[in-house]
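Report on the structure given below.
Only the coordinates and a few stated rules stand behind these numbers; no lab work does. Quick caveat: nothing in here was measured; it's all calculated off a predicted structure. Using ideal geometry, Cβ is built from the backbone for each residue, glycine included, and neighbour counts are taken over all protein chains shown.
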Amino acid sequence: MPYSHKFHSGLEDKTLITIAGTIKPHANMFMVDFRSDSDLVFHFNPRFNESGRQVIVRNSEIGRKWGKEERDLPRFPFTPGQAFEMKIMVTRDSFKVAVNNSHLLEFKHREGNLHKIHHMAIHHDVVLSRVTVENLP
């Protein structure tokens with residue numbers, strides 16, 4: 001079942017989102033998407049078997065045009081059937097992602113106004129146990 005969260009006044013610098021759950025045993029993929037009214041600002045998409053490879057695709061779709069995919073990472077931290085905790089720190093410049101207390105990646109903003117980002121959705125092969133959103137000082 002998809003998860004949806006609305007940020008009523010948009011995102012802010014130092015917003016911390018914590019997502020805890022378990023990857024389904026026969027997972028193909030899952031997605032975490034951040035949207036403004038018209039754009040997909042940050043698309044985070046771990047794929048468990050893309051032509052025999054595990055990859056985390058990051059991208060954005062601004063003005064109905066997909067940007068350049070980011071795919072290269074030194075590791076793939078998700079395992080089917082296993083629990084995980086992912087933290088996404090939103091800053092003025094980027095989304096910083098850590099999984100199981102280890103920094104994974106930084107995705108630079110391609111749409112500059114954080115306050116326009118009003119929605120987060122989590123889809124596909126993950127069972128969520130907890131999602132929290134907090135604004136840090």
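Quick check: net charge around residue 17, other residues with Cβ under 9 Å of its Cβ, Lys/Arg +1 and Asp/Glu -1? Summing Lys and Arg as +1 and Asp and Glu as -1 gives 0. Considering only 117, 28, 129, the residue lying farthest towards the positive end of the dipole of the chain is 28, judged by Cα position with unit charges set on Cβ.
Counted by Cβ distance under 14 Å from residue 39, the other residues give a net charge of +1, where Lys and Arg count +1 and Asp and Glu count -1. So, in Å, what gap is there between the alpha-carbon centers of the range 114-136 and the range 54-76? So the two Cα centres are separated by 18 Å. Each of 108, 24, 65 was scored by other Cβ atoms within 10 Å of its Cβ. Arranged with the fewest first, they read 65, 108, 24. Only lysine pairs 8 or more places apart, or on different chains, with alpha-carbon atoms under 24 angstrom apart are counted in the range 1-94, and they number 6.
Working note: Karplus 6.51/-1.76/1.60 with θ = phi - 60° gives the range 35-43 the couplings 10, 9, 4, 10, 10, 8, 7, 8, 10 Hz, where Gly and Pro are set to x. For the range 72-81, just list the computed ³J(HN,Hα) in residue order, Karplus coefficients 6.51, -1.76 and 1.60, θ = phi - 60°, integers in Hz, with x standing in for Gly and Pro. After applying 6.51 cos²θ - 1.76 cosθ + 1.60, I find 6, 8, x, 8, 10, x, 9, 10, x, x Hz. For the range 86-93, 3J(HN,Hα) computed residue by residue from phi via the Karplus equation (6.51, -1.76, 1.60; θ = phi - 60°) reads 10, 10, 10, 9, 8, 10, 4, 9 Hz, glycine and proline entered as x. A crude spin-label estimate for the pair residue 72 and residue 115, with each label 7 Å from Cα along the Cβ direction, gives 3.7 nm. Subtracting the Cα-Cα distance of residue 102 and residue 20 from their residue separation scaled by 0.36 nm leaves 28.1 nm.
Basic side chains Lys and Arg get +1 at the Cβ, acidic Asp and Glu get -1 at the Cβ, and with that the dipole of the chain about its Cα centre reaches some 140 debye. Summing +1 for each Lys or Arg and -1 for each Asp or Glu among the other residues whose beta-carbon sits under 13 angstrom from that of residue 100 gives +1.
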